[in-house]
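What follows is calculated from the coordinates using simple rules that are stated; it is not laboratory data. What you are looking at is a predicted structure, and each value in this text was computed from that prediction instead of being measured. Neighbour counts are summed over all protein chains in view; Cβ atoms, including those assigned to glycine, are modelled from backbone coordinates with ideal geometry.
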Amino acid sequence: MNPLRSLGSADFWIRLGWMLLFVLAWQVAEVLLLLTVLAQLFWRVLYAEDHPCLARWGQALGHYVRQIAAFLTSAEAVKPWPFVEWPGSCGQRSVRLPRPPAN
């Protein structure tokens, strides 16, 4: 197989464009994940328990980053959200937080 032949392929350049966009999405997701971690930490300091919505959001964001990684490394050909349903929507297992014992 001639490597230069793939460079002339429209599919190669289209995928490269998508990859660059998803690298940008990865960077945004990293910042959002950091903000989520800080918000969850702040919530735990104030209320001594996890915020379930932040936990679900963090889990969904983690699944999204995994989908991006799979696409970027060509482990999966399917492009992540917005081309598929957002992780954590219907069908995804949600976070179950243990309840603290009642005093």
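A few notes on this one:
- Taking a point 7 Å out from the Cα of S9 in the direction of its Cβ, the residues of the stretch 46-78 whose backbone N falls within less than 20 Å of it are 70-78.
- Extending 7 Å from the Cα toward the beta-carbon at both V45 and S74 defines two label points whose distance is 4.6 nm.
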